[in-house]
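The structure appears below as structure tokens.
Where a number appears in this text, it was derived from the coordinates with a stated rule and is not lab data. Since the model is a prediction, treat every value here as computed from it, not as a measurement. Reconstructed Cβ throughout: ideal geometry from the backbone, glycine too, with neighbour counts over all protein chains shown.
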Amino acid sequence: MNKVLHVLPMNKMSGAERMALLLCKNLKNYKPVVVCGGVELSNVFKENGIRSYNIKFSNKNILFNACNLSKIIKNENIKIVHAHDNTASLVSYLAKKIFRCDVKIISHIHSCYPFLKFNSINKRIDSILRPKYDYNIACGKLVYNFYNENSGYFLRNKAKVLSNAIDIDEIININIDDSNSAINEFNIPKDKTILGFVGRICDIKGIIPFINEIANHKNEFMDCKVLLIGSGDQEDEVRSIIRNLKLEDIFILTGFQENVYKFYPLIDVFFLPSRYEGLPMVILEAMAFNKPVLSMDVGSISEVIDDGKTGYLIKLGNYSDFIIKLREMKSKKRLIKKLGENAFNYINRNYNIKVYVQNIENIYNNQI
């Protein structure tokens, strides 16, 4: 059986990493091997029975990273490198060219990269390397279109739109005891509406402007708890802002959680106030858990959120309208239930992992 190497330069389980893990667990005709950006993420794959290595990826040590990656490629007799996002793609290509690895490079684009809008160094590097990758996968139609419109070098004959997917069976069979333990651990009340966010606590997720805006409507959200599940470089700042605005009675921060699935059953309305995205896994996960979604209209999110039917979309940056719509949603239990049912049905029909794996393996087959 041929081997495919997934390269994930981060050391945390975020959206792209969860998609890669889900794919690796469901591949039928290829044996997955993974290189992660640290021991923590590498161990997650090992615990799921997937052979995994770790490299400390750094822009200062790109050639050293490429050398180490080339050794793994050769030792494991890898045929295809599936590189997730730009750093992974760059290092993988250098490993192939400089250290003479006989592999195909598939670059997976997980987001609408802001650098494409400007004549930046990152765009200049990308303009050289992107056409040289053997194949490109965009995680959604709008991500594909964004890349195509903002670069003159995107080769459409070497690219495919392949939206993220979800394992519905895994979600249906979730252990409810894990959710009960989360209730006890974080003192999550059962008599309040739970508004939930899952993701990194960082600038692109828009958490700070979200908090600043909700502070203007504090009294209207006293019947809620806002659950922020995740960690990131703004976590300490977010905690400080919540204290300064006297919002401790509304917000619960869990920090990094390896198992985010246990929180979804506790959420009534899922929200995502991001500044930019691709097609985030958390949206698919929330919808698969029968949760209505309120999101900024960014990336490929509008491909899965049918405004008014499975959730609501708000114009990018309009946090005032975002909070107003969230206030409206949380007060309408029937609406929450109906939107959640519609969301599940849509995801179950269109984003099941079984079809996704077939499409991925077809791409692999065409590269060998």
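Per-residue ellipticity at 222 nm for the chain, helices alone: DSSP H runs ≥ 4 residues times -39500 (n - 2.57), over residue total, nearest 500 deg cm²/dmol?
When only DSSP H runs of four or more count, the value is -12500 deg cm²/dmol.
For the chain, find the longest principal axis of its Cα atoms and tell me its angle to the long axis of helix 86-98, 0 to 90°, nearest 10.
The answer is roughly 10 degrees.
Hey, can you rank 106-118, 161-173 by average C-beta count inside 10 Å, highest first?
106-118, 161-173
If you project the alpha carbons of the range 1-116 onto their three principal axes, what span does each projection cover, largest first, in Å?
32, 31, 24
Let me check the size of the range 113-237 from its C-alpha atoms; what are the radius of gyration and Dmax in Å?
20.7, 56
Counting Lys +1, Arg +1, Asp -1, Glu -1, what net charge surrounds residue 296 among other residues with beta carbon under 13 Å of its beta carbon?
Charge balance in the 13 Å sphere: -1.
Find which of 280, 245, 267 sits farthest along the positive direction of the dipole of the range 209-368, computed with +1 on the beta-carbon of Lys and Arg, -1 on that of Asp and Glu, about the Cα centre.
267
Please list 3J(HN,Hα) in residue order for the range 267-274, calculated via the Karplus relation 6.51 cos²θ - 1.76 cosθ + 1.60 where θ = phi - 60°; whole Hz, with x for glycine and proline.
These are the phi-based 3J(HN,Hα) values: 8, 8, 10, 9, 10, 9, x, 5 Hz.
For residue 296, list long-range residues whose amide hydrogen, built 1.01 Å from N in the peptide plane, is under 5 Å from its own amide hydrogen.
Under 5 Å from the amide H of residue 296: 272, 274, 314.
Go through the range 30-41 residue by residue and turn each phi into a ³J(HN,Hα) via Karplus (6.51, -1.76, 1.60, θ = phi - 60°); whole Hz please, and just put x for glycine and proline.
9, 8, x, 10, 10, 10, 10, x, x, 5, 4, 6
Using amide H atoms built in the peptide plane, which far-off residues or other-chain residues are under 5 Å from residue 53 H to H?
34, 35, 36
Which one, (1) 0.97; (2) 0.94; (3) 1.02, gives Rg/Rh (Cα atoms, Kirkwood Rh) as derived from the coordinates shown?
Of the labelled values, this structure produces (1).
Net charge near residue 316, counting Lys/Arg +1 and Asp/Glu -1 over other residues with Cβ under 12 Å of its Cβ?
Residues near residue 316 contribute -1 overall.
Fully extended, how many nm does the chain gain between residue 2 and residue 58 (0.36 nm per residue separation, minus their Cα-Cα distance)?
17.3 nm
Near residue 99, within a Cβ-to-Cβ distance under 12 Å, what is the net charge of the other residues, with Lys and Arg +1 and Asp and Glu -1?
With Lys, Arg at +1 and Asp, Glu at -1, the neighbours total +4.
Charges at C-beta only: +1 for Lys and Arg, -1 for Asp and Glu. How large is the resulting dipole of the chain about its Cα centre, in Debye rounded to 20?
The calculation lands at about 1220 debye.
Would you please give the residues with an amide H less than 5 Å from that of residue 159, counting only those at least 5 places away or on a separate chain, with H modeled from the backbone geometry?
Here 136 satisfy the definition.
Could you bin all the Cα-Cα distances of the range 1-69 into 5 Å bins starting at 0 and give me the percent of pairs in each, rounded to whole numbers?
Per 5 Å bin, starting at 0, the Cα pair percentages come out as 4, 18, 29, 24, 15, 8, 2, 0.
Report the one residue of 77, 39, 199 whose Cα lies farthest in the direction of the positive end of the charge dipole of the chain (charges on C-beta: Lys and Arg +1, Asp and Glu -1; origin at the Cα centre).
77
Explain nothing, just compute: Karplus ³J(HN,Hα) = 6.51 cos²θ - 1.76 cosθ + 1.60, θ = phi - 60°, for every residue of the range 42-54 in order, whole Hz, x for Gly and Pro.
In residue order, the calculated couplings are 4, 5, 4, 5, 4, 5, 9, x, 10, 4, 9, 10, 9 Hz.
Please say if the range 317-368 is rounded, prolate or oblate, where rounded means a/c under 1.5 for a ≥ b ≥ c the square roots of the C-alpha gyration tensor eigenvalues, and otherwise the choice is prolate for a/b larger than b/c and oblate otherwise?
Oblate, because a/c is 1.5 or more while a/b does not exceed b/c.
Round to the nearest 0.05 the FRET efficiency obtained for residue 222 and residue 350 when R0 = 25 Å and r is the Cβ-Cβ distance.
0.10
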